[in-house]
Amino acid sequence: MSQTYPIQTLNAISPIGLQRLDRDVFDIGTDIAQPRGILLRSADLHSVEIPESLYAVARAGAGTNNIPVDAMAARGIPVFNTPGANANAVKELVIAGMLLAARNLYHAADYTRGLVAEQSLGGADLDKQVEAGKKQFAGYELPGRTLGVIGLGAIGVLVANAAQSLGLKVLGYDPAITVERAWQLSPNVEQVTSVEELFARSDMITLHVPLIEATKGLVDAERIATMPAGGVVLNFARGGVVDEAAVLEALDSGHLHAYVNDFPSEAGSVHPKVIALPHLGASTGEAEDNCAVMAADQLSDYLLHGNIRNSVNFPEVVMARTPGTTRLGIFNENKPNMIGQITATLADAGLNVAEFTNKSKGEVAYTLVDVEGEVRDDLKDSILAIEGIIRARKID
């Protein structure tokens, strides 16, 4: 290997993941001044000056709200995330949230704790008060109820399948479901064609969508009003996808039975019908290890081979390396004749194209090309001179 790649870690990354990075190739630390890669979890990059040296950012987790994704794309810096790595952890938390709400377990446990701690009851007196008070926490069983799952990605599919196995009728909504997820989804899960239908037919609703402009306030007063009385909203996606004021109003009126979420707020956390957890979605050792491994592998594959997997701002481009060639990775605006200009520039430099792939995503595209012949130092300047080229690098 002719060079090493400095990697900056901005959060505590699982050692299991860091072990995937060969220390003969990667220099890893928290105080790297000119990193080629950044590995992080929740660290906020929006107010951080991004060094010119940076090639890629890898997030050990699914959400990338803490990263200026569009600004990175404009500079030819792919941002990787790890969809599915923490899916089982979140699935289990959602199922736990359903049971907490249906059986009133959170408030029941709080009641019992209060009997002992505040009223200093014990023995026969405690037994008497437990029997007298338990009726107020009577709940219901899940079989026969209907769960609506909004978002059928890695987490949503696991939740839908698990809920179906528990005896719930499950409705799913995701107009952009992938073929892979569709195959994984239980055939007993009914896919509906609109969010409105899902709300109107669901006793419980769980959200598994990213926070983007289209999903802000997705759970609003109008949609809540169409739910059957006594409904439950579960939000383990992002706080902003729920209009919390509308939910609290529905809880106060009795139309909603409970709101279970992973995003505490000042108003919601103290409401008697809200169960707010301290962002526990991926807080298991297994999930942290899985996310770190996936993030490290993707970052390594990109830095060493130029391959892009699970990038939120560039297309997936993976190409086996051709023996005896030099690889180039080129980012460009997605507009006509870019490929023609790139190949013409390579031909002018006396290089033969052995393998070539180009894919686009929205307004940007990425090219990997293996060339035969000597790659001179001035080739990069010639490629960058093409209007619409964002970034180019030689991959040793």
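In what order, largest first, do 103, 238, 59 sit by accessible area if the probe radius is 1.4 Å?
These residues rank, largest area first, as 103, 238, 59.
Scaled to the compact-protein estimate 2.2 N^0.38 Å, what is the alpha-carbon radius of gyration of the chain, rounded to two decimal places?
1.20
Have a look at the stretch 249-396 and give its Rg and Dmax from the Cα atoms, expressed in angstrom.
In Å, with Rg to one decimal and Dmax whole: 24.0, 75.
Choose one of 199, 346, 369: the residue whose Cα lies farthest towards the positive end of the charge dipole of the chain (beta-carbon charges +1 Lys, Arg; -1 Asp, Glu; about the Cα centre).
The listed residue farthest towards the positive side: 199.
Under 8 Å for C-alpha pairs, at least 6 residues apart: give me the relative contact order for the chain, rounded to a whole percent.
For the chain, the relative contact order is 15 percent.
Please turn the phi angles of the stretch 312-319 into ³J(HN,Hα) values with the Karplus equation 6.51 cos²θ - 1.76 cosθ + 1.60 (θ = phi - 60°), one per residue in order, whole Hz, x for glycine and proline.
8, 10, 9, x, 6, 9, 10, 9
Near residue 372, within a Cβ-to-Cβ distance under 12 Å, what is the net charge of the other residues, with Lys and Arg +1 and Asp and Glu -1?
That sum, taken over residues with Cβ under 12 Å, equals -2.
For residue 394, list the aspartates and glutamates whose Cα falls under 18 Å from its own Cα; do not include residues on the same chain fewer than 8 positions away.
Straight-line reach from residue 394, under 18 Å: 52, 301, 348, 355, 370, 372, 374, 377, 378, 381.
Ranked highest first by average number of other Cβ atoms within 10 Å, how do 299-312, 259-272 line up?
So the peptides 299-312, 259-272, ranked by packing, come out 299-312, 259-272.
Give me the percent of the accessible area of the stretch 256-336 that comes from carbon and sulfur atoms, probe 1.4 Å, all protein chains in place.
The nonpolar share, carbon plus sulfur, comes to 55 percent.
Using only helices, what value at 222 nm comes out for the chain when you add -39,500 (n - 2.57) per DSSP H run of length 4 or more and divide by the total residues, to the nearest 500 deg cm²/dmol?
That comes out to -9500 deg cm²/dmol.
To the nearest 10 degrees, how steep is helix 87-103 against the longest Cα principal axis of the chain, on a 0 to 90 scale?
20 degrees
Lys and Arg at +1, Asp and Glu at -1: add these up for the other residues within a Cβ distance under 10 Å of residue 203 and post the number.
Local net charge: +3.
When the chain is modelled as a GNM with alpha-carbon springs shorter than 10 Å, which of 114, 281, 97 fluctuates the most?
Top of the fluctuation ranking is 114.
Can you pull the accessible area of residue 201 for me, 1.4 Å probe, Å² to the nearest 10?
Its accessible surface works out to 90 Å², give or take rounding.
So what does the Cα-only Debye profile of the stretch 1-56 read at q = 0.15, 0.21, 0.28, 0.30 Å⁻¹, as log10 I(q)/I(0), no solvent term?
Log-scaled intensity ratios, in q order: -0.42, -0.80, -1.29, -1.40.
Using the alpha-carbon atoms, what tilt in degrees (0 to 90, nearest 10) does helix 154-165 show relative to the longest principal axis of the chain?
30 degrees
Rank 253, 382 by accessible area, highest first, at a 1.4 Å probe radius?
Highest to lowest solvent-accessible surface, that is 253, 382.
Hey, in the GNM for the chain with a 10 angstrom Cα cutoff, which one of 336, 315, 15 fluctuates hardest?
Greatest mean-square fluctuation among the candidates belongs to 336.
Rounded to the nearest 10 Å², what accessible area does residue 130 have for a 1.4 Å probe in the complete protein model?
Surface accessible to solvent at residue 130 totals approximately 50 Å².
Quick one: what Rg and Dmax do you get for the stretch 1-141 from the alpha carbons, in Å?
My reading of the Cα-based Rg and Dmax gives 24.7, 77 Å.
Taking the chain as a Gaussian network, where each spring joins two C-alpha atoms under 10 Å apart, which residue of 147, 218, 207 fluctuates the most?
218
Once the mean 1/r over all distinct Cα pairs of the stretch 229-299 is inverted, what Kirkwood radius in angstroms do you read off?
13.6 Å
Helix 285-305 versus the longest principal axis of the chain: what angle, 0 to 90°, nearest 10, using Cα atoms?
Rounded to the nearest ten degrees, it is 10.
Taking only Cα atoms of the stretch 126-273, what ratio of Rg to Rh do you get with Rh as the Kirkwood inverse-distance radius?
On the Cα set of the stretch 126-273, Rg over Rh gives 1.01.
Distances over 12 Å make up what percent of all Cα-Cα pairs in the stretch 277-317?
That fraction is 65 percent.
Taking the Cα centre of each part, how many Å lie between the stretch 316-394 and the stretch 255-285?
The two parts, judged by their Cα centres, are 49 Å apart.
I'd like the accessible area for residue 355, computed on protein heavy atoms only with a 1.4 Å probe and all protein chains in place. Round to 10 Å², please.
80 Å²
Under a point-charge model restricted to the Cβ atoms of Lys and Arg (+1) and Asp and Glu (-1), what is the dipole moment magnitude of the chain relative to its Cα centre, in debye to the nearest 20?
With Lys and Arg at +1 and Asp and Glu at -1, about 600 debye.
The values are calculated or read from the model by the stated rules, or taken from the named source; none is laboratory data. All of these numbers come straight from a predicted model, not from anything done at the bench. Positions of Cβ are backbone-derived with ideal geometry, glycine not excepted, and every protein chain shown enters the neighbour counts. All accessible areas refer to the heavy atoms of the entire protein, side chains included, with ligands and DNA or RNA removed. Shrake-Rupley method; radii C 1.70, N 1.55, O 1.52, S 1.80 Å.
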